[in-house]
Amino acid sequence: MQNRYGWQFYHWHIEPSSKCSLRCPRCPRTEFPDTPWLQKELSLEDFKKVFTNEILDQVKRLTMCGDVGDPIYCKDYLKIIEYVKSYNPKIQIFTITNGSYKTKKWWEEFARLSNKHDTINFSVDGYDQESNNLYRVNNNWQSIMDGMQICCEKSDIHVNWAMIVFKFNQDSIDHIESLARKIKCDTLQITHSTKFGSKYGETYQADNDDLEPDPAFISKTDRYERYTRQLSNRVPVRLEYMKQNMKKFHEIKSQWTGNIIPMCLIGNRGLYLNAGCYFSV
């Protein structure tokens, strides 16, 4: 199950659920309201059909993130984590979530199942219910804070507060950092986006984009730019994984005859599995 460059099934990007409780203005769900978005989720049995012992023997990292959904709204998400960790606790599970509407009991179980090999991104742009609701529409602030705090206090999982800079929060980054430090998050990730009127006026109202921040906070490229503030002395285990990726990249580069090296060969882009059960690389 590997090619001549040594690639294996060691990184997967999984969308366990296409469900979401939020209505973010620049999510495809909101931008294309007439699209019949499927309300699907992977069951534990679905997951086991793909991730057999033979596959899990090769897996090093699972990125749990949705394009139009949120992994924590998969009913079997905790069971899926337990299944993976019971087979190999060193497999990295990277959960990306808005964090809303889960109980303390649910977060305590998530914390119990997680360990130092794992990371969770809480996608939070505000500093209270009202400010966070300006983009993460229909969020539940208290449940997000409960989740963050429980993960920080009751697990060795790496906790990252991930924010996008908008007009409403561009002057509050230091305040958000102070909140993240108080909760004992490990890092604050600051994203400069491109999805604003000055870049895509035909989509986002070039002269009247209420979300657009000052130019200093907009990506200078055609993709997002990310900056990380270290809040603790804990370094995520996934950094070692990234170092291994770079080593593999240079190994493959010395043999590669094409113009572009596919990032899936070094683990930066994972094999994709979504709740509708189709695959791509």
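Provide, as a two-decimal number, the C-alpha radius of gyration of the chain over 2.2 N^0.38 Å, N being how many residues it has.
1.02
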*How big is the Cα convex hull of the range 12-61 in projection, averaged over all directions, in nm²?*
4.7 nm²
_Checking the cross-link filter: which lysines have an alpha carbon closer than 18 Å to that of residue 105, excluding same-chain neighbours under 8 positions apart?_
75, 79, 154
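Once you compute Rg and the Kirkwood Rh from C-alpha atoms, what is the Rg to Rh ratio for the range 75-161?
Details: Rg = 13.1 Å, Rh = 13.2 Å.
Looking at the range 75-161, the ratio lands at 0.99.
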_Expected output is a single nm value to one decimal: the length gained when fully extending between residue 153 and residue 75, i.e. 0.36 nm times separation in residues minus the C-alpha distance. What is it?_
25.7 nm
*asked:* Please list, in order, the residues from the range 214-228 whose amide nitrogen is less than 18 Å from a point placed 7 Å along the Cα→Cβ vector of residue 202.
replied: 222-223
*Among residues other than residue 156 whose Cβ falls under 13 Å from its Cβ, what is the net charge (Lys/Arg +1, Asp/Glu -1)?*
+4
_DSSP beta bridge pairing in the chain, given as percent antiparallel to the nearest 5_ = 25 percent
*Pull up the cross-link candidates among the lysines for residue 167, meaning alpha carbon to alpha carbon under 25 Å and not fewer than 8 places away within one chain.*
182, 195, 199, 220
_With 10 Å bins from 0: P(r) over the range 116-169, alpha-carbon pairs, percent_ = 24, 50, 23, 3
*With each run of n ≥ 4 DSSP H residues scored as -39500 (n - 2.57), what mean residue ellipticity at 222 nm is computed for the chain after dividing by its residue count and rounding to the nearest 500 deg cm²/dmol?*
-8500 deg cm²/dmol
_the chain - percent relative contact order, Cα under 8 Å, separation 6 or more_ = 20 percent
*Between residue 194 and residue 259, how many nm apart are label points set 7 Å from Cα along the C-beta direction?*
1.9 nm
*Local charge sum around residue 22 (other residues, Cβ-Cβ under 11 Å, Lys/Arg +1, Asp/Glu -1)?*
+3
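Stokes-Einstein diffusion coefficient for the range 1-134 at 4 °C in a medium of 1.567 mPa s, Rh from the Kirkwood formula over Cα pairs: what value in µm²/s?
80 µm²/s
Here, each number is a calculation from the coordinates, and none is a lab measurement. What you see is a predicted model; the values in this text were computed from it and never measured. All Cβ positions, even for glycine, are placed from backbone atoms using ideal geometry, and neighbour counts span all protein chains on display.
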